[in-house]
Amino acid sequence: MKKSRMKAIVWKEGEYHVAQLLSADVSSFGSSKREALANLREAAELYFEDASLRDVRNVESPEIVTTDIVHA
């Protein structure tokens, strides 16, 4: 199995921490940041089990921004 280093973002949402990969549509959550990242690692391993890492986008210099969204 090939190892790859990927960037993730983690944030607190209510009582949980959410972790999401920036280069793939994979996310998970946990009661702590550490647990969320461990769960993300497991989810990513399952996601990439049949996928090739060459299909993963390379995200460089991500930026978190705030924007106004109008909703009903």
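The values are calculated or read from the model by the stated rules, or taken from the named source; none is laboratory data. Not measured: the values here are computed from a predicted model. When we count neighbours, we look across all protein chains shown, and the Cβ atoms used for this are built from the backbone with ideal geometry, even at glycine.
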Checklist outcome for this item: In the range 20-44, residues that are in contact with a Lys or Arg (Cβ under 8 Å, 6 or more places away or on another chain) and of a type in the set (A, V, I, L, M, F, W, C) total 3
Checklist entry - How do the pairs read when you match residues in the range 1-28 that are in a strand (DSSP E or B) with residues anywhere that are modelled with pLDDT of 90 or more and aromatic (Phe, Trp, Tyr), using Cβ under 8 Å and keeping only pairs 6 or more apart or on different chains? => result GLU13/PHE29; TYR16/PHE29; HIS17/TRP11; HIS17/PHE29; VAL18/TRP11; VAL18/PHE29; ALA19/PHE29
Checklist entry - Does ASP68 fit the bill of being within 18 Å of LYS3 (Cβ to Cβ), surrounded by fewer than 11 Cβ atoms within 10 Å (Cβ to Cβ), modelled with pLDDT of 70 or more and not hydrophobic (A, V, I, L, M, F, W, C)? => result no
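For the condition surrounded by 12 or more Cβ atoms within 10 Å (Cβ to Cβ), modelled with pLDDT of 90 or more and over 10 Å from the mean Cα position of the chain (by Cα), what is the one hit in GLU15, GLU35?
Only one candidate qualifies: GLU35.
Regarding LEU46, is this residue under 13 Å from the mean Cα position of the chain (by Cα) and either of a type outside the set (S, T, N, Q) or surrounded by 12 or more Cβ atoms within 10 Å (Cβ to Cβ) (or both)?
Considered against the rule, which asks whether it is under 13 Å from the mean Cα position of the chain (by Cα) and either of a type outside the set (S, T, N, Q) or surrounded by 12 or more Cβ atoms within 10 Å (Cβ to Cβ) (or both), LEU46 comes out as no.
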